[in-house]
Every structure is written in C-alpha cells, then in structure tokens.
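A short write-up of the structure that comes next.
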Amino acid sequence: MKIAILGTAHPLRGGLAAFNERLAYQLQNEGHEVTIWSFSLQYPSFLFPGKTQYTDEPAPNGLDIRTTVNSVNPLNWLSVGARMNKEQYDLVIVKYWLPFMGPAFGTILKRAKSNGKTRVVCIVDNIIPHEKRPGDAQFTNYFIKAVDAFVTMSKDVLKDVKTFTSKPAAFTPHPIYDIYKEAVSKEEACKKIGVDPSKKYLLFFGFIREYKGLDWLLEAMADERIRKSGIELIAAGEYYNKDVEAANNAIIAGNQLGSTVHMRTDFIPDSEVRYYFSAADLVVQPYKHATQSGITQIAFHFEKPMVVTNVGGLPEVVPDGKVGFVAEPDPKAIADAILKFFEPNAIPDLHANILQEKKKYSWETFTEVMMKTAGLGK
C-alpha cells in the first residue's frame, strides 16, 4: 500500500519522532511505500518549555521525511491536506497525544481523505491530556471527525476513546523500542556517564514532568533503609517545568542526597540512551498517573527489570513479581518495591521472564492490529 504517517520526525527529537520513524521502517519492511509528513513548526514556544525541539543527530537512513506541517497556520493545513489528497494514499496514520494538534490534524486529514480512497487510522497516546487546557474537548472532537479507526496502547486509553466515539477502536501494546543499538557492559556504561560501576543504580529516564513522579522517587531515596543499602539513582532527562526542577532540587538538598542522586538533566540523544540503561540495575517509573510509557519498552529492549506504580497501563506490561514489581503510587511503597527487588533471589528466573515478556511486543503484531482495525487487514 501507499502509506503516509502524519506527525513528528527528524530533525525533531524525542519519543514521538522515534516511534514514527521506527513504524515507518516496519511498514517498509512489510513492503509498503511510506512517507512521513512532519512539522516545519511543531510547537510554539509557550507549549515547549524544553531547551530545543531539534536533534543534532543525523537523519535516519532510507526514510522519506517531508518537513511541511505548521501547527498554527490554517492556510498551511489546507495546503498540506490538498497535497496529501493528490498523493492518493491508501492509508494515513496519525499519532494523537495533545489536543492542541486537533485543529491542524483534523483539517489536514479531512482534506487528505476527501478523494474517497484514503483511510485514516489514529494511534492514540492520550485522548485526555495529562495537563488540561481550555478547548481540549472541542479540539479533540474536531479531530475525531476526520479519523476512521483508532488504536490505543493501553486499555485505559481505549476506554477514554470510547467515551468520545463509537468508531472502530482496538488495544495493542506499545512495541519495543529497538532503535538504540545493543547494551554495553556496566563498566563501559558507567565510565561513559561518569559514575562508579561498583554501585547499584536505579534509573529514572525521560522528560521530567510533574506527573512522572520523580519527586516521589527522590523521597524514596531519602528513606533510611535505602540510604543504608548503597543504592544510588541516575535521573536522566530534560526538565519541562522550572517549578518542578526547583521542587526536586529542594528535596535533594533538604535530604542531603547530592552524593547518591546523579542528575543528568540535558536531553539524552539517541546515541547515548544505551549507556544509561546499561548502567542501571533497575528502571523505576514512579508515575502519579499514566497511560502507557515508551520507557517501559526501552527497558524491555535492554532486558532491564522495572518497578512501576500501579497507575494507567503500566501494570499491564510489567507483571508484578515476574519482570519487576508494581508499587502503589506513594514514596514509601516505591521504596518498599525497590528494596524488595534487591533482596537475594527476589524474582526467580528474572532474565528468562523478561525475555518471555519481550516477545509479546513485536512491531509485526502492532501493525497487524492497526491494519485490521483500519479495515485494511487480512
């Protein structure tokens, strides 16, 4: 088929770009012709509190990426939609994560599919955003009108989608992020990021936002039991909010955690991701609320055990006592789960269990469910 992906790609950075690019490779491997229609302007500055939206890394090989979409220019939406219409795509795939994108995506897709041939399937990260703003419901409803089918990567999001629409919708888990090369030895990884390889490390990874609960993990690090255990924390990711950064720094200073908490708060480029995961003994996601998380699938790629909180879709992909532990969402419970993990033989056959779970999250399964839901599968 002739397929378009509408959404983020190189030179934009982050998980959205990584997902779309990996999906494009999968579809090409299945024999489809794929074009990504990405952004010339993704976010106005007030919606992007990070340092930069762009990566310095080279463009992915073998992908057709068109940098065309301006998220705030209605004339651009009409123009891009008309150009996509002329391409006569069999399928347009769009990822939806923020209602702000609803007017742009909805307008582009409405025009793109007016040829009577093109179908539209939406991969929904969130249909109800983590951080709410006026107009969210109206923007999302406008967008939904242009979509034929929906795929979600958590069962909670599937329930949310069904409160908005009765159009076809299906759940299939987030596939593994296998684009970050192979793991290296702990010694090499620790040397690369500047920590002592003899220590036990937790890893918090990804953009640091209030709902991701790094403050809870820092409070868990202040637990006297963890202080005595020799466990240390690497927190790797860029802050998205100065107030959150100030609050976390206050926890570190107030509890004298500076020697056991290693903050790496610049954006972590793709080429360095493997060093952080290779240095870690345990990946911790202390989220206060969640849908699904790509971090889980990076951890599976590097075959790392996890502690996650019992929110959203996280427990769906981290079976308690099998590939890690599920903790109730509060600092003491998180500390309890971390300490439990480091007890001798806490999880028998841990690595074998991780390998078994990892098999569930293939890109082939994901695209098969997506195609069937869009009415284009076998």
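The values are calculated or read from the model by the stated rules, or taken from the named source; none is laboratory data. The shown structure was predicted, so the numbers you read here are calculated from the model rather than taken from an experiment. Every residue, glycine as well, gets a Cβ built from its backbone with ideal geometry; the counts of neighbours run over all protein chains shown.
Can you tell me which residue in the stretch 332-365 is nearest to Arg225 (Cα to Cα), limited to those that are of a type in the set (Asp, Glu) and either free of Cβ contacts under 8 Å to residues at least 24 places away in the same chain or in contact with a Pro (Cβ under 6 Å, 6 or more places away or on another chain) (or both)?
Asp336
Out of all the residues in the stretch 11-31, is one or more closer than 21 Å to Cys122 by Cβ, at pLDDT 95 or above, over 21 Å from the mean Cα position of the chain (by Cα) and of a type outside the set (A, V, I, L, M, F, W, C)?
Within the stretch 11-31, one or more residues are closer than 21 Å to Cys122 by Cβ, at pLDDT 95 or above, over 21 Å from the mean Cα position of the chain (by Cα) and of a type outside the set (A, V, I, L, M, F, W, C).
Based on this model, can you work out whether Ser114 counts as buried (at least 17 other Cβ atoms within 10 Å of the Cβ) and either among the hydroxyl-bearing types (Ser, Thr, Tyr) or over 27 Å from the mean Cα position of the chain (by Cα) (or both)?
It is false that Ser114 is buried (at least 17 other Cβ atoms within 10 Å of the Cβ) and either among the hydroxyl-bearing types (Ser, Thr, Tyr) or over 27 Å from the mean Cα position of the chain (by Cα) (or both).
Name the single residue that is surrounded by the fewest Cβ atoms within 10 Å (Cβ to Cβ) among those in the stretch 267-304 being more than 18 Å from Phe207 (Cα to Cα) and aromatic (Phe, Trp, Tyr).
Phe302
Do you know which residues across the stretch 220-254 are among the small types (Gly, Ala, Ser) and surrounded by 18 or more Cβ atoms within 10 Å (Cβ to Cβ)?
Selection gives Ala220, Ala222, Ala235, Ala236, Gly237.
When only residues in the stretch 341-378 that are buried (at least 20 other Cβ atoms within 10 Å of the Cβ), among the aliphatic types (A, V, I, L, M) and in contact with a strand residue (DSSP E or B) (Cβ under 7 Å, 6 or more places away or on another chain) count, which is nearest to Ser166 (Cα to Cα)?
This residue is Ala374.
In this structure, is Val323 assigned by TED's automatic domain parsing to the domain that holds Ala220, crowded, with 24+ Cβ neighbours inside 10 Å and in contact with an Asp or Glu (Cβ under 8 Å, 6 or more places away or on another chain)?
Yes: the conditions hold for Val323.
Here is a list: Ile334, Ile338. Which entry is under 26 Å from Lys191 (Cα atoms) and either of a type in the set (Lys, Arg) or buried (at least 24 other Cβ atoms within 10 Å of the Cβ) (or both)?
After ruling out the rest, the residue left standing is Ile338.
When you scan the stretch 310-331, do you find a residue that is modelled with pLDDT of 95 or more, touching a Pro at 6+ places or on another chain (Cβ under 7 Å) and under 24 Å from Lys186 (Cα atoms), even just one?
Yes; the residues of the stretch 310-331 include at least one that is modelled with pLDDT of 95 or more, touching a Pro at 6+ places or on another chain (Cβ under 7 Å) and under 24 Å from Lys186 (Cα atoms).
Tell me which residues, restricted to the stretch 55-85, are exposed (fewer than 14 other Cβ atoms within 10 Å of the Cβ), modelled with pLDDT under 95 and farther than 29 Å from Gly377 by Cα.
Of everything in the stretch 55-85, those that are exposed (fewer than 14 other Cβ atoms within 10 Å of the Cβ), modelled with pLDDT under 95 and farther than 29 Å from Gly377 by Cα turn out to be Asp56, Glu57, Pro58, Ala59.
For the stretch 86-109, give me each residue that is without any contact (Cβ under 8 Å) to a residue 40 or more places away in the chain and surrounded by fewer than 19 Cβ atoms within 10 Å (Cβ to Cβ).
Lys86 - this is the single residue of the stretch 86-109 that is without any contact (Cβ under 8 Å) to a residue 40 or more places away in the chain and surrounded by fewer than 19 Cβ atoms within 10 Å (Cβ to Cβ).
Scan the stretch 184-208 for residues that are in a loop (DSSP other than H, G, I, E, B) and over 27 Å from Ala335 (Cα atoms) and jot them down.
Val184
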